[in-house]
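The values are calculated or read from the model by the stated rules, or taken from the named source; none is laboratory data. Owing to the predicted nature of the structure, the values given are computational and were not obtained by experimental measurement. Backbone-built Cβ (ideal geometry, glycine too); neighbour counts: all protein chains shown. Surface areas here come from the heavy atoms of the whole protein model, side chains and all, with no ligands, DNA or RNA. Shrake-Rupley method; radii C 1.70, N 1.55, O 1.52, S 1.80 Å.
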Amino acid sequence: MELAFQKRELEYLNRILCEAVVQEQTAEMIVPDSLPDADRVVDAFATALVRSEECGAGAASMGGTIQAGVLFVTEDGEVQRLETQIPFTARREFDAKLDEGTLQCGCAVSAVDARMLNSRKILIRVGICCTMSVYTRQTQALYDLPEPSSSLQLRRTELPLRLPLALGEKSFTLNEEVELPGSKPAIERLLKCVYRLETVEQKLVGSKAVFKGSLLVHALYECAEGKLHNFEGVVPFSQYADMGQELDEQELRTVLVLTSIETEPDGQLDCRRLLLSANVLAQCTAYGEKTIALIEDAFCTDAELAPQWGEWTLSALLDRQSFRETATAQNETPAGAVVDAWLYAEEAAKRREGEKMLLELPLSCNVLFSDNEGKLQGKSMRTSVSLSTELSEKAACRVSAAGSGEIFGAASASGMELRCPVTIEVESSAEQRLRFVCGGEITPLEKPQERQPAVILRRTEAEQDVWEIAKSYRTATQALMDANGLQSPLVPADTLLLIPM
């Protein structure tokens, strides 16, 4: 006789790729004839812009442009700026049959440095980290027997899984004016702009992903007196993306990337505003907790059951944690004052110790400072942040980090010290392989030749599962527990059991 299971289908998104591609891009920058020779490079900076993304059978790729620049000082002590555009592409192959998938990607600058090849040529190196996640829609069949016969023993389990349920994205434009603080002098010449996107608030309302965020603009400029000043302006925004289904009370995760950006002074004689134009891509993922009921095992007390097995492999989100740390960087180079600083986060190093994952996040801070003689100098100061998180052996984690506040710098004849706030997000997930009963055939047992005992006495040698004992004797698990007054499914070692037959 064939078992008649009830079948229902679960629809979800399966993340079949989640990887980071770390690479370095270089470019040679030529000092134009209109500028004097370079004496020394004092600063380098960059912003990564995502221009394209593509997901096909067995591969995901993305491309973009790095807006990079350097500041150098001439022999006369003047600060000059050079800019360049560096194209980049990142690609990752995966082993999956993919008819239709969706790629979510991001890109962050992890390090920037530059050096002179000669007085007319400067080499700039930019490290970038491209993250790529590919989702494909899946339908999983689940099976159940709601009213089994008393002779059919089923071992059921319920698993709470946090699964991605829907994706959405929104591309939008910011055209804003960034006001100079009243305490700062007017802008004579803009030297540097770097940016940071942050999601401030996010939630799901019906079928809409509603999010608020901010674009931070960090600028370095020269005033009419020839002195350097920096300031930071924040451009807030509020947007929504259509997710295609009702998702109230589910969890939302929004990743923001820049696709283009331009910032320039407003052109007024007494310039106190920067005109900003930016295109931002918001990538939204809705996560929901689903409780999955599966039949782990089955047997018959009065017949032979040949179960049919199904398997299900999926990636499920375990946890997402956010840490706020302050990194300290020190250097023994004598300095008169810190003029400007900007933080870059590299790929985290991971090391497992038992049930813990130890994380070390390398950081580099490009510092512009004046030395004891008042000359402008530049240096990259390195530091790191260490933390740990509980993580099972089969789980993995992804780490992302960004500066999260103003960098405090102190300079003296004995060196410099920087305190750099940083926000670190750790996302833990695990690939789970589930095995379950999805069918089976029942065959009647041959009648025994001898009379069977009604009760068997047995002593356990080691801790055992009630289910395994009942299965080996073809008796009902509940009857075994009732006969022995057991409250737990685990039977301690050296326990004398009455096994009803």
For a quick protection proxy, order the peptides 44-51, 186-193 by their average other-Cβ count within 10 Å, most packed first. 44-51, 186-193
Run the accessible area of the chain with a 1.4 Å probe and give the carbon-and-sulfur part as a rounded percent. 43 percent
Neighbours of L191 by Cβ distance under 13 Å: Lys/Arg at +1, Asp/Glu at -1, summed charge -3
Run down the lysines and flag those whose C-alpha is under 18 Å from the C-alpha of K7, throwing out any fewer than 8 positions away in its chain. K290
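Calculate the tail of P(r) for the stretch 244-343: the fraction of all Cα-Cα distances greater than 19 Å, expressed in %.
On the way: 3841 of 4950 pairs.
Every Cα pair in the stretch 244-343 considered, those over 19 Å come to 78 percent.
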Taking the Cα centre of the chain as the origin and placing charges on Cβ (Lys, Arg +1; Asp, Glu -1), which of T313, A337, G440 is farthest toward the positive end of the dipole? G440
Straight-line reach from K121: which aspartates and glutamates fall under 19 Å, measuring Cα to Cα and dropping same-chain residues less than 8 apart? E28, D33, D37, D39, D43, E75, D76, E78, E83, D113
For the stretch 219-289, with every protein chain kept in place, what is the accessible area per residue (1.4 Å probe, Å²)? 47 Å²
Convex hull volume of the stretch 416-501 per residue (C-alpha atoms, cubic angstrom): 224 Å³
